[in-house]
1. Divide, for the range 249-381, the radius of gyration over alpha carbons by 2.2 N^0.38 Å, where N is the residue count.
2. Quick one: 3J(HN,Hα) in Hz for the range 195-201, Karplus 6.51/-1.76/1.60 with θ = phi - 60°, rounded, Gly and Pro as x.
3. Relative to 2.2 N^0.38 Å, what does the C-alpha radius of gyration of the range 308-369 come to as a ratio? Two decimals please.
4. Listing Thr268, Thr320, Thr84 from the residue with the fewest other Cβ atoms within 10 Å to the one with the most, what is the order?
5. List residues of the range 180-206, by number, whose backbone nitrogen lies under 18 Å from a label position 7 Å along Cα→C-beta of Glu353.
6. Quick check: the distance between the Cα centres of the range 110-166 and the range 302-370, to the nearest angstrom?
7. Can you compute the label reach from Lys285? Point 7 Å from Cα along the Cβ direction, backbone N cut-off under 18 Å, restricted to the range 254-268.
8. Taking the Cα-to-Cβ direction at Gln13 and at Glu264 and moving 7 Å from each Cα, how far apart do the two end points lie in nm?
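Taken together, the values in this text are just the output of simple stated rules run on the coordinates, not laboratory data. None of the values given here were measured: they were computed from a predicted structure. Counting neighbours? That spans all protein chains shown, and the Cβs are built from the backbone with ideal geometry, glycine included.
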Amino acid sequence: MNSTSHSERDLIQCFRGRPQLTRAEIQELTGFSRVTVSHGIKHLLGSDTLIESAGTLSHGGRNASYLSLNENSGYVGIVYFSATSMSVAISNIKGEVLKSTSTSISIEDGPDQIFPQSIALLKESFKGINKSKRLGVIIGVPGPVSHELGKVVSPPIMRGWDKINFHQEFHDIFGLPTYLENDANLLAIAEHRLVYPNEKNLILVKIATGIGSGLILNNQLHRGSNGSAGDIGHIQLDALKGIACRCGHTDCVESFASGWALVEKIRTLGYKVENSKDIAELCRKGDTKILNLVTEASSYIGHALADAVNLLNPSKIVITGSLVDGTDLVLATIKESVYQRAGALATKNLQIETSQLGEDAALLGSAQLGLDQFFYKVSAS
């Protein structure tokens, strides 16, 4: 899409969230002249970006001609790292994930083996797709991100990964623009675009190995001045009484309530657990000791989230992550803490729910961001 003119990009924008349009509807949406719309559509049809089909008879007795995006005209590569897995996928310009593969990893093992593996998997995924149709690559990571540098910055659970310039590495290998994004932001994009498009202010909270959040404010992803907005896991609570956090500080919510902190505590009780998924499984089995620990941890998350509610006044909070999937107590406890601690006006219309998107949420969010960055050319704040 790099060669597409400004007016043609505006024409393409019309199809965001709209499956098909007539020429008259496009002219009304853009405010362009009939000639400008006609010339732009002609070029987009010629480049196979749009396809045209006949519709039903209009009131004037003539067949209505409909235009829609050609889903096969462009593809986005996706590489998503979580603390315990790596997923690689391809999506089309409708935001559909066409093929994906996932493998278990430990992000703490460092990039030496994992990073080359991600390159190899993406190469395999791109096979059969013409290079002219490869739009770009979205990389998702469970850590703080510098979008300008294309690097993770002092990542608590990604030590060693800050030496990787994702933008440069992927561009050198694939010759494509690459965009690095925090995992919680990708999840927030997915929830907002695909489930709650009418919610102007939304907070997505991920509770897994770490704790993070993505912020949608006034319909836009809010990254903050340096990309660190939403780092709710490192809000400090005095009640934790000096517990050390991986970020180097003490009293962080994450130092008590995250998956990695719970793993350490549960191991001292004689359990063999490796990650938050193991804890979730113990919850599903009804282990009382584990359920009590998870409930207590959830209350601390609720305390921090109540402060965020007072500050940002969202209308929707979406809770997701492996610990959430283990027991309903996580959501119930967070709700109780937020409604008790946040102001009455801030919680008047607030709804707190679990995610509806399942395991593909991060890939779907990556696909949406990829379209913004490489196809629709929409920049987020």
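1. Numbers: Rg = 17.0 Å, N = 133, 2.2 N^0.38 = 14.1 Å.
Working it through for the range 249-381, the quotient is 1.21.
2. Coupling constants for the range 195-201: 10, 10, x, 8, 8, 6, 10 Hz.
3. Details: Rg = 13.3 Å, N = 62, 2.2 N^0.38 = 10.6 Å.
The reported ratio for this selection is 1.26.
4. Values: Thr268 7, Thr320 25, Thr84 20.
The fewest-first ordering by Cβ neighbours comes to Thr268, Thr84, Thr320.
5. The answer is 187-206.
6. Comparing the Cα centres of the range 110-166 and the range 302-370, I get a distance of 28 Å.
7. Counting only backbone N, you get 262-268.
8. About 4.8 nm, to one decimal.
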